[in-house]
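Here the structure is laid out as C-alpha cells; the discussion comes afterwards.
The values are calculated or read from the model by the stated rules, or taken from the named source; none is laboratory data. A quick note: this is a predicted structure, and the numbers were derived from the prediction, not measured. Virtual Cβ from ideal backbone geometry, glycine too; neighbours counted across all protein chains shown.
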Amino acid sequence: MMNPTYVDTHKETILENLPGFFAEQLIENPEGLLEQLERELHSLYVRQGNDWTGRGEIGDAKLEATISVLEAVRAECLQQIDPR
C-alpha cells in the first residue's frame, strides 16, 4: 500500500491549483464553461467506471480530486448563471 501522505499530496495539489485555472472563464463565460465542464465530467465519470487497466492509488486519487474540483466549479457556474 502506498504512503497516504504521498497520495494526499497529489490530491491536494489538484484541489489547490485546478480551481484557479477556471477563474477567468467563470467570470467571463459561465455558460460556455458549464458546457465544457459537463462534457469533461461525463468523460471522467466514464473513465472512473472503466478501470480495467488499474490506475492505482495515485491515479484514483487524482481522478477523484479532479472530479471534485470540476463539480465545485460547475456549481459555481450554475450560481453565476441563475443566482436565485
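So here's what we get for this one:
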read-out	value
Every residue from the range 26-53 that is of a type in the set (S, T, N, Q), at pLDDT 95 or above and assigned to a helix (DSSP H, G or I)	Gln36, Ser43
Criterion (within 11 Å of the chain's Cα centre (by Cα), acidic (Asp, Glu) and in a helix (DSSP H, G or I)) met by exactly one of Glu76, Glu64	Glu64
Subset of the range 8-25 [of a type in the set (S, T, N, Q) and either more than 14 Å from Val73 (Cα to Cα) or not in a helix (DSSP H, G or I) (or both)]	Thr9, Thr13
Residue list for the range 1-52, restricted to those being surrounded by fewer than 10 Cβ atoms within 10 Å (Cβ to Cβ) and of a type in the set (Phe, Trp, Tyr)	Trp52
Check on Glu71, free of Cβ contacts under 8 Å to residues at least 40 places away in the same chain, under 17 Å from Lys11 (Cβ atoms) and acidic (Asp, Glu)	yes
Selection from the range 23-39 of residues that are under 11 Å from the mean Cα position of the chain (by Cα) and either touching a residue at least 40 places away in the same chain (Cβ under 8 Å) or more than 19 Å from Ile81 (Cα to Cα) (or both)	Leu37
Search result, residues across the range 56-81 that are surrounded by fewer than 17 Cβ atoms within 10 Å (Cβ to Cβ) and not β-branched (Val, Ile, Thr)	Gly56, Glu57, Gly59, Asp60, Glu64, Ser68, Glu71, Ala72, Ala75, Leu78, Gln79, Gln80
Boolean, Ile67 is of a type outside the set (Ser, Thr, Tyr) and at pLDDT below 90	no
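Residues are listed down the side, and each one gets a yes or a no for (1) of a type outside the set (Phe, Trp, Tyr); (2) in contact (Cβ under 8 Å) with a residue 60 or more places away in the chain; (3) more than 19 Å from Gln80 (Cα to Cα); (4) out of contact with any Lys or Arg (no Cβ under 9 Å at 6 or more places or on another chain):
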residue	(1), (2), (3), (4)
Asp8	yes, no, yes, yes
Leu15	yes, no, yes, yes
Gly20	yes, no, no, yes
Asn50	yes, no, yes, yes
Thr53	yes, no, yes, yes
Gly56	yes, no, yes, yes
Gly59	yes, no, yes, yes
Lys62	yes, no, yes, no
Ala65	yes, no, yes, no
